[in-house]
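Asks: Dropping a structure here in structure tokens format, bear with me for questions.
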Amino acid sequence: MPLLRTNTADKFIVDRRKTHRNSDVSRAVKHTRDRLSQRSGSPAFDRELLKLHARAIVTGASAIPLLVLVIAAAGLLGGMGGTILSWALITVACYTGIALFARNIDKADTARIELAATKRNFLILHSLSGLCWAYLASLGCGECQVEQFPVIKAVVLLLAMAATAIIASSLRGALVATFAAPVIVYGVVGARYWMPVEATMIGLLAISLPFFAYVAGHLNRSALMLLSFRREKDGLIAELETAKSMSDEARRRAEEANLAKSRFLASMSHELRTPLNAILGFSEVMSNEVLGQIQNTTYKEYARDIHDSGRHLLDLINEILDLSRIEAGRYQLNEEPVSLLDVVEECCHLMELRARNKDLRIVQQFEASLPRLFADERAIRQIALNLISNAVKFTPAGGEIVVKVGWTAGGGQYVSVADDGPGIPPDEIPVVLSAFGQGSIAIKSAEQGTGLGLPIVQGLLAMHGGEFQLNSKLREGTEAIAIFPRGRVMEDMPALPTLPLRAVASGGRRR
């Protein structure tokens, strides 16, 4: 017979239908890992440098053509005629081609840029623009009768060289590819006359080209360093995004696990307590021989053992439920004025019989006339009972338990329970304070326990804004201190002075 499945939401411990969350997290993690896989020195950096070079050319596309037009206008005024005009048109056309190609590269996706082909095309275009500058260097000016025309050409070449070094610094070799030919042509043309001024300008251009190449290389390294820093920043952001995605996924799983735990406790609380009540009731009837005497004494002992085991299981369920409510923030405090002395004294009386059965002595050291606390009486009683019962369990026969109630140095109130039991090693104190945790020596020598008493005490004190301290020395004893803050202490208000009735009546008539 096939199993029947229900679609009720309460039956789902974990909702497997929300798969989009897992897919989103997987895509985010994959995307960030792909970004992290790109490191400095990879082709991605060269592509980004090409993008920077293309963006710089597009941004400064009008700088060098404007210089060319100014030179052409000056040449026309100087009487050079159509020669300078044709040079200007050819040069502007070359730089327009470079700008159009750079614009296409700037708009293209970085990952789709063909590295070798794009770099080769850029160098070819820069070389063509260099031929235009070489044509300018070869021009003469016999008609304009300007004596310093070679100096003017050298100054123009220096200006164009400086502008190119700044604009084209992201592409290595672009400056040399552009101005190697113009410098050579200028030197060849000037060597025919070999005038002192021309020789000086040839030397200046020969020195300026490697200098500006060095400046362009330095700018290129700076751009590469900035890209490296940006990649490291992107890597850190990617790692943070990955960690956030993983933490979100972990939080989602924790929320689902917490929901499953809450539903389990809500359902199992009723499912376990119902048969436990029957077990406890019937075993108590059998052990007390309510319906008749049991002839076999072994059966009577079995019934008593069943009753004790059921009581222990019921206590365990109650403590687990209390701890889960505290952790979930659903433990409601019924705050009212409570006398800490009275509650602790009552708890000592409740544990007195159990202590006597183990030949233990409970010593009470209470300060007199403590004001009331604004707290939950049930929670304070549970804190005191847990601490005293722990001391009774872990103290060997013939020992002594000291219970103190008094003031703290900060104006609050405290409850201290000290015993002379086996103690706790320092490295096991965090284990003891965790849920279901017990010390190694205590496990061997103590009665059966659940290990939830101290976590419940910590949770209840935290809800009251208090503090819990556990001080212990191996084989010397343990002291547990529950501290309530000063804000929980209610100050006694002085009584208002009472006036005689006659005085009050006379005062009322005067008014």
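The values are calculated or read from the model by the stated rules, or taken from the named source; none is laboratory data. On a predicted model such as this, the values are computed, not experimentally measured, just so you know. When we count neighbours, we look across all protein chains shown, and the Cβ atoms used for this are built from the backbone with ideal geometry, even at glycine. Accessible surface areas use protein heavy atoms only, side chains included; no ligands, DNA or RNA. Shrake-Rupley method; radii C 1.70, N 1.55, O 1.52, S 1.80 Å.
Asks: Cβ-Cβ below 6 Å, separation at least six or inter-chain, first residue in the stretch 208-222 and closer than 16 Å to LEU50 by Cα and at pLDDT 85 or above, second assigned to a helix (DSSP H, G or I) and open to solvent by less than 80 Å² (accessible area, probe 1.4 Å): which pairs?
Replies: ALA216/ALA165; ALA216/LEU175
Asks: Among the candidates THR83, THR164, single out the residue that is in contact (Cβ under 8 Å) with a residue 24 or more places away in the chain, closer than 21 Å to TYR186 by Cα, out of contact with any helix residue (DSSP H, G or I) (no Cβ under 7 Å at 6 or more places or on another chain) and outside any loop (DSSP other than H, G, I, E, B). Give the derivation first.
Replies: Numbers: THR164 fails: out of contact with any helix residue (DSSP H, G or I) (no Cβ under 7 Å at 6 or more places or on another chain).
Exactly one of THR83, THR164 is in contact (Cβ under 8 Å) with a residue 24 or more places away in the chain, closer than 21 Å to TYR186 by Cα, out of contact with any helix residue (DSSP H, G or I) (no Cβ under 7 Å at 6 or more places or on another chain) and outside any loop (DSSP other than H, G, I, E, B), namely THR83.
Asks: Criterion first (surrounded by 18 or more Cβ atoms within 10 Å (Cβ to Cβ), under 31 Å from the mean Cα position of the chain (by Cα), aliphatic (A, V, I, L, M) and at pLDDT below 85) does ALA61 satisfy it?
Replies: no
Asks: Taking THR200, is it free of Cβ contacts under 8 Å to residues at least 60 places away in the same chain, surrounded by fewer than 18 Cβ atoms within 10 Å (Cβ to Cβ) and assigned to a helix (DSSP H, G or I)? I'd like the intermediate steps shown before the answer.
Replies: Values: free of Cβ contacts under 8 Å to residues at least 60 places away in the same chain: yes; surrounded by fewer than 18 Cβ atoms within 10 Å (Cβ to Cβ): yes; assigned to a helix (DSSP H, G or I): yes.
The answer is yes for THR200.
Asks: Inspect the stretch 295-307 for any residue being open to solvent by less than 40 Å² (accessible area, probe 1.4 Å) and either at pLDDT below 85 or touching a Leu at 6+ places or on another chain (Cβ under 6 Å) (or both) and give the result as yes or no. Walk me through it before giving the result.
Replies: Of the stretch 295-307, the ones open to solvent by less than 40 Å² (accessible area, probe 1.4 Å) are 303, 307.
Okay, now just the ones that are also either at pLDDT below 85 or touching a Leu at 6+ places or on another chain (Cβ under 6 Å) (or both), so 303, 307.
Checked against the condition, which is being open to solvent by less than 40 Å² (accessible area, probe 1.4 Å) and either at pLDDT below 85 or touching a Leu at 6+ places or on another chain (Cβ under 6 Å) (or both), the stretch 295-307 yields at least one hit.
Asks: Answer with yes or no whether ILE71 is open to solvent by 40 Å² or more (accessible area, probe 1.4 Å), touching a residue at least 24 places away in the same chain (Cβ under 8 Å) and over 25 Å from ASN220 (Cβ atoms).
Replies: The answer is no for ILE71.
Asks: Here is a check on your reading of the model: is ILE152 within 20 Å of GLY78 (Cβ to Cβ), part of a helix (DSSP H, G or I), open to solvent by 40 Å² or more (accessible area, probe 1.4 Å) and free of Cβ contacts under 8 Å to residues at least 12 places away in the same chain? Let's see the steps before the verdict.
Replies: Numbers: within 20 Å of GLY78 (Cβ to Cβ): yes; part of a helix (DSSP H, G or I): yes; open to solvent by 40 Å² or more (accessible area, probe 1.4 Å): yes; free of Cβ contacts under 8 Å to residues at least 12 places away in the same chain: yes.
Answer is yes for this residue.
Asks: Report whether or not ARG55 is open to solvent by 50 Å² or more (accessible area, probe 1.4 Å), modelled with pLDDT of 85 or more and of a type in the set (Lys, Arg).
Replies: Considered against the rule, which asks whether it is open to solvent by 50 Å² or more (accessible area, probe 1.4 Å), modelled with pLDDT of 85 or more and of a type in the set (Lys, Arg), ARG55 comes out as yes.
Asks: Here is a further query. Does any residue in the stretch 330-350 that is more than 23 Å from TRP407 (Cβ to Cβ) come within less than 9 Å, Cβ to Cβ, of a residue that is β-branched (Val, Ile, Thr) six or more places away or on a different chain, and which pairs are these?
Replies: LEU350/ILE388
Asks: Looking at the stretch 240-262, is at least one residue out of contact with any Lys or Arg (no Cβ under 6 Å at 6 or more places or on another chain), within 30 Å of LEU50 (Cα to Cα) and of a type outside the set (A, V, I, L, M, F, W, C)?
Replies: yes
Per-residue answers, yes or no, for (1) touching a Cys at 6+ places or on another chain (Cβ under 9 Å); (2) modelled with pLDDT of 65 or more; (3) open to solvent by less than 20 Å² (accessible area, probe 1.4 Å):
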{"site": "VAL457", "(1), (2), (3)": "no, yes, yes"}
{"site": "LEU470", "(1), (2), (3)": "no, yes, no"}
{"site": "LYS473", "(1), (2), (3)": "no, yes, no"}
{"site": "PRO485", "(1), (2), (3)": "no, yes, no"}
{"site": "VAL489", "(1), (2), (3)": "no, yes, no"}
{"site": "PRO494", "(1), (2), (3)": "no, no, no"}
{"site": "PRO497", "(1), (2), (3)": "no, no, no"}
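Asks: Taking PHE282, is it modelled with pLDDT of 85 or more, out of contact with any Ser or Thr (no Cβ under 8 Å at 6 or more places or on another chain) and open to solvent by 70 Å² or more (accessible area, probe 1.4 Å)?
Replies: For PHE282, the condition - modelled with pLDDT of 85 or more, out of contact with any Ser or Thr (no Cβ under 8 Å at 6 or more places or on another chain) and open to solvent by 70 Å² or more (accessible area, probe 1.4 Å) - is not met.
Asks: Give the stretch 402-435 a look and list any residue that's in contact with a Lys or Arg (Cβ under 7 Å, 6 or more places away or on another chain) and open to solvent by less than 40 Å² (accessible area, probe 1.4 Å), or say none.
Replies: Once the filter is applied, which keeps residues that are in contact with a Lys or Arg (Cβ under 7 Å, 6 or more places away or on another chain) and open to solvent by less than 40 Å² (accessible area, probe 1.4 Å), the stretch 402-435 yields GLY411, GLY412, SER416, PRO422, GLY423.
Asks: I would also like to ask the following. Picking from PHE264, PHE229, which residue would you name as being within 30 Å of ASP322 (Cβ to Cβ), under 42 Å from the mean Cα position of the chain (by Cα) and exposed (fewer than 14 other Cβ atoms within 10 Å of the Cβ)?
Replies: One residue alone meets the criteria, PHE264.
Asks: Listed residues ILE320, ILE294; which is in contact (Cβ under 8 Å) with a residue 60 or more places away in the chain and hydrophobic (A, V, I, L, M, F, W, C)?
Replies: Only one candidate qualifies: ILE320.
Asks: To continue, here is another question. Just the residues that are in contact with a strand residue (DSSP E or B) (Cβ under 8 Å, 6 or more places away or on another chain) and closer than 15 Å to PRO430 by Cα, please, taken from the stretch 455-478.
Replies: Selection gives VAL457, GLN458, PHE468, GLN469, LEU470, ASN471, SER472, THR478.
Asks: For residues that are open to solvent by 60 Å² or more (accessible area, probe 1.4 Å) and among the hydroxyl-bearing types (Ser, Thr, Tyr), tally how many sit in the stretch 203-222.
Replies: 1
Asks: Let me ask something else. Kindly indicate whether any position in the stretch 53-63 is touching a Lys or Arg at 6+ places or on another chain (Cβ under 7 Å) and within 22 Å of LEU171 (Cβ to Cβ).
Replies: Initially, the stretch 53-63 is screened for residues touching a Lys or Arg at 6+ places or on another chain (Cβ under 7 Å), giving 58.
Narrowing the set further to residues that are within 22 Å of LEU171 (Cβ to Cβ) leaves 58.
The answer is yes; a qualifying residue exists.
Asks: Okay, moving on. Between GLU319, GLU301, which is touching a Ser or Thr at 6+ places or on another chain (Cβ under 6 Å) and part of a helix (DSSP H, G or I)? Before you say what the answer is, go through the steps one by one.
Replies: Numbers: GLU301 fails: touching a Ser or Thr at 6+ places or on another chain (Cβ under 6 Å).
Selected residue: GLU319, the only one of GLU319, GLU301 that is touching a Ser or Thr at 6+ places or on another chain (Cβ under 6 Å) and part of a helix (DSSP H, G or I).
Asks: List pairs: first in the stretch 480-492 and under 22 Å from PRO430 (Cα atoms), second open to solvent by less than 70 Å² (accessible area, probe 1.4 Å) and of a type in the set (Val, Ile, Thr), Cβ under 7 Å, 6+ apart or cross-chain?
Replies: Partner pairs satisfying both residue conditions: ALA480/VAL417; ALA482/ILE383; ALA482/VAL415; ALA482/VAL457; ILE483/THR408.
Asks: For the stretch 98-121, how many residues are part of a helix (DSSP H, G or I) and open to solvent by 30 Å² or more (accessible area, probe 1.4 Å)?
Replies: Residues that pass the stated criteria total 14.
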